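Worksheet: the structure to be examined is printed underneath.
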């Protein structure tokens, strides 16, 4: 067992840090109006940082999942925009299209995304279906050579920027009868409202499907696709985890530098034992979370990441990112509480990852199920059935 990165992996981290310092100076830790910066997407794609884990035949780099995690972590430590773009190019809906799509779908959707020309976004959450993904109400009806979608989605990340949406929809009445359809932004019957935004300032999409019609050839997976979709979604969760961890690390590094320079009571802040202990606790959280993240990614080389190891990694990284950002903000005092401060943005952004991509509570449920070797359904027992 080796807890050190190998030489190639160290080179990846070093190269990404140098690249971010040289090419991403204008993108730090702040919300950027206008959605994902297309110039950063094309810049990363041009550097071979798109589809890192995908086969070369699909336009990818044929790398390991840990390689992709190292790339997004290194970029996100320097630039929020770069981290988000790396997620879109490697961890989000792009994985669902790459692993479940037909050659025609890959040519139509995946290829322009990997060139940094277009954006594809996952649309799962609905007004009445958050953690309970099985309660999706958006319906997909196959009618001849078309599919008609009816329903609504909310909290669609990059909804103000996406060219395509990977829409999870119900193809039947059973809770597992869930599949996905690729929907172009300008499809007839689709309305995208991106006037709403999160606490971080990031805008999201409210999608309304009023008998929205798309070609049947754009059905990514039909009916009984729930398990396959969720399996691929675990890869997205690792991208989420890596960014949360990276942001926490960035806040930590900022706070360390500030504690060296800031003087109160005629002494640098770093000389106060109360703050020394705080920084020690912050480092423990970051290092522990990083080990769980790397384990989940490294063990996935032969296939999809383990659901339990993914849950452990996301839980640890989400908590570490937010808790370290919170502690770092306290170190900065009023300067951290100022709205435009980088550590303030990091604090607001990391808070969201404990909700997005699987809430902390859902992750704890998944881990507990592994502990006891049993599933614990959250739905109430049928009337007259066992409690």
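The values are calculated or read from the model by the stated rules, or taken from the named source; none is laboratory data. This is a predicted model, so every value here is computed, not measured. Every residue, glycine as well, gets a Cβ built from its backbone with ideal geometry; the counts of neighbours run over all protein chains shown.
Got a sec? Which of 229, 220 is modelled with pLDDT of 95 or more and either assigned to a helix (DSSP H, G or I) or not assigned by TED's automatic domain parsing to the domain that holds residue 298 (or both)? Spell out the reasoning first.
Numbers: 229 fails: modelled with pLDDT of 95 or more.
Exactly one residue qualifies, and that residue is 220.
Between 357, 352, the distinction of being at positive phi and surrounded by 15 or more Cβ atoms within 10 Å (Cβ to Cβ) belongs to 357 only.
Residue check: is residue 97 closer than 29 Å to residue 185 by Cβ, touching a residue at least 12 places away in the same chain (Cβ under 8 Å) and touching a helix residue (DSSP H, G or I) at 6+ places or on another chain (Cβ under 6 Å)? So residue 97 passes the test.
For segment 112-142, a residue qualifies if it is farther than 14 Å from residue 172 by Cα and surrounded by fewer than 15 Cβ atoms within 10 Å (Cβ to Cβ), and the qualifying residues are 117, 127, 128, 131, 132.
In segment 199-219, the qualifying residues are those that are in contact with a strand residue (DSSP E or B) (Cβ under 6 Å, 6 or more places away or on another chain) and farther than 22 Å from residue 102 by Cβ, and the one that is surrounded by the fewest Cβ atoms within 10 Å (Cβ to Cβ) is 211. Within segment 4-36, being modelled with pLDDT under 90 and in contact with a helix residue (DSSP H, G or I) (Cβ under 7 Å, 6 or more places away or on another chain) holds for 24, 27, 28, 29, 30, 31, 32, 36.
Answer with yes or no whether residue 48 is loosely packed, with under 15 Cβ neighbours inside 10 Å and not assigned by TED's automatic domain parsing to the domain that holds residue 166. Break it down stepwise before answering.
On the way: loosely packed, with under 15 Cβ neighbours inside 10 Å: yes; not assigned by TED's automatic domain parsing to the domain that holds residue 166: yes.
In short, yes.
Among the residues of segment 314-353, just one is in contact (Cβ under 8 Å) with a residue 40 or more places away in the chain, over 16 Å from residue 239 (Cβ atoms) and in a loop (DSSP other than H, G, I, E, B), namely 340.
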